[in-house]
1. Kindly indicate which of 169, 180 is in the same structural domain as residue 149 (by TED's automatic domain parsing), away from the ligand (no atom under 13 Å from the Cβ) and buried (at least 16 other Cβ atoms within 10 Å of the Cβ).
2. Before we move on, is residue 140 surrounded by 13 or more Cβ atoms within 10 Å (Cβ to Cβ), away from the ligand (no atom under 16 Å from the Cβ), part of a loop (DSSP other than H, G, I, E, B) and in contact (Cβ under 8 Å) with a residue 12 or more places away in the chain?
3. From 40, 13, 67, grab the single residue that is within 18 Å of the chain's Cα centre (by Cα) and farther than 17 Å from residue 223 by Cβ.
4. Would you confirm whether or not segment 116-134 contains a residue that is free of Cβ contacts under 8 Å to residues at least 40 places away in the same chain and touching a helix residue (DSSP H, G or I) at 6+ places or on another chain (Cβ under 7 Å)?
5. Return the residues of segment 184-198 that are in contact with a helix residue (DSSP H, G or I) (Cβ under 7 Å, 6 or more places away or on another chain) and touching a residue at least 24 places away in the same chain (Cβ under 8 Å); say none if nothing qualifies.
6. Can you tell which of 93, 76, 111, 101 is on the phi > 0 side of the Ramachandran plot and surrounded by 13 or more Cβ atoms within 10 Å (Cβ to Cβ)?
7. Identify, please: which residue in segment 191-208 is near the ligand (Cβ under 9 Å from one of its atoms) and assigned to a loop (DSSP other than H, G, I, E, B) and is, among those, surrounded by the fewest Cβ atoms within 10 Å (Cβ to Cβ)?
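The values are calculated or read from the model by the stated rules, or taken from the named source; none is laboratory data. These numbers were taken from a predicted model, which means no experiment stands behind them. Every residue, glycine among them, receives a Cβ derived from its backbone with ideal geometry; neighbour counts consider all protein chains shown.
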Ligand SMILES: [Zn+2]
């Protein structure tokens, strides 16, 4: 990890973007990889200047990312799925994920099969909850879809389609339930007005606690880094 006054040993990727209007620095919340986006015509040295200018902010983000990785690593082969602690067991030759008691049998490395299984779990848990919330609010729900967002846990369209990140299935159920209510209340108010928050807090008093939980721990809702197969 760099000291606040050094940007020498950073893992930096510099990209050019025709759409960028100014230099932007981003740090991945988990990997700690730094990305500098430069407008098409900016001098290359602008990237270094931006890294230097933001060095203290970058150091703080890197420390957070290291903490997230430490938390994910401490989990080892355990994965909490809708509040149940499962143990991941890699089986050579296995293609599909299969749950046996508290063991989750997965292909070596976990891979796309594990994510597919978790998406199905998310769909099975979140869909009926969303239907119930919509019914309680007396609003039609077009459909529930499952996406892969890392920080946008849910969204709702004017046509009544609600999308959740499958990663919510890795969060404590009460956190996921609070997001269900949040999106369902958007079926009534498609904005974050005072009336929206009043309605939401009446149905879901844990709203603020859930938002705080996701702010602090949302970045840990990632798959464990199982040993790659050789
Ligand atoms: Zn919202």
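1. Going through 169, 180 in turn, the sole match is 169.
2. Considered against the rule, which asks whether it is surrounded by 13 or more Cβ atoms within 10 Å (Cβ to Cβ), away from the ligand (no atom under 16 Å from the Cβ), part of a loop (DSSP other than H, G, I, E, B) and in contact (Cβ under 8 Å) with a residue 12 or more places away in the chain, residue 140 comes out as no.
3. 67
4. Among the residues of segment 116-134, not one is free of Cβ contacts under 8 Å to residues at least 40 places away in the same chain and touching a helix residue (DSSP H, G or I) at 6+ places or on another chain (Cβ under 7 Å), which makes the answer no.
5. If the condition is that a residue be in contact with a helix residue (DSSP H, G or I) (Cβ under 7 Å, 6 or more places away or on another chain) and touching a residue at least 24 places away in the same chain (Cβ under 8 Å), then 184, 185, 187, 188 are the ones that fit.
6. None of the other options fit; the residue is 111.
7. 191
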